[in-house]
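The values are calculated or read from the model by the stated rules, or taken from the named source; none is laboratory data. Just so we're clear, the structure is a prediction, and the values are computed from it rather than from any experiment. Please note: Cβ atoms are built from the backbone with ideal geometry, for glycine as well, and neighbour counts cover all protein chains shown. The accessibility values were calculated without ligands, DNA or RNA, using every heavy atom of the protein model including side chains. Shrake-Rupley method; radii C 1.70, N 1.55, O 1.52, S 1.80 Å.
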Amino acid sequence: SFLAVGAGKAQIQQEASAETTEGKAINITCSHPNIQTGDYIQWYWQLPGQAPAFIASLHKGSKAVSEPAGTLLVGAERRSSVLQLSQPRRRDAAVYYCALRA
């Protein structure tokens, strides 16, 4: 199985956990209702036994990401973002974090 757990500061809300099986698409969501105009949305992941690693940063729109393979999307009003993993692999099991950077 695949497990993604979210944690963040007060102005960020993430789902507590999300689970899927290898090869079955999953959306990992992050809500940031108090985002400011200039803020960038950043995503990180932490593989077991490793330090958190940067995935991508996005202001708006969508961006393909390579590790883990997927797409980062930011909603039209920028109050939420989604990391879409279309074919997650077993090795993508990790803790996923989102953050805001001014």
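In segment 21-38, of all residues being more than 14 Å from Val95 (Cα to Cα) and free of Cβ contacts under 8 Å to residues at least 60 places away in the same chain, the one that is nearest to the chain's Cα centre (by Cα) corresponds to Ser31. Determine, yes or no, whether Ala4 is at negative phi, of a type in the set (Gly, Ala, Ser) and modelled with pLDDT under 65. The answer is yes for Ala4. Annotation: of all residues in segment 39-64 being loosely packed, with under 14 Cβ neighbours inside 10 Å and farther than 16 Å from Ser81 by Cβ, the one that is nearest to the chain's Cα centre (by Cα) is Ala53.
Residues in segment 72-96 that are within 22 Å of Pro33 (Cβ to Cβ), open to solvent by less than 60 Å² (accessible area, probe 1.4 Å) and of a type outside the set (Lys, Arg): Leu72, Leu73, Val74, Gly75, Ser80, Ser81, Val82, Leu83, Tyr96.
Kindly establish whether Gly70 is modelled with pLDDT of 95 or more and touching a strand residue (DSSP E or B) at 6+ places or on another chain (Cβ under 9 Å). Answer is yes for this residue.
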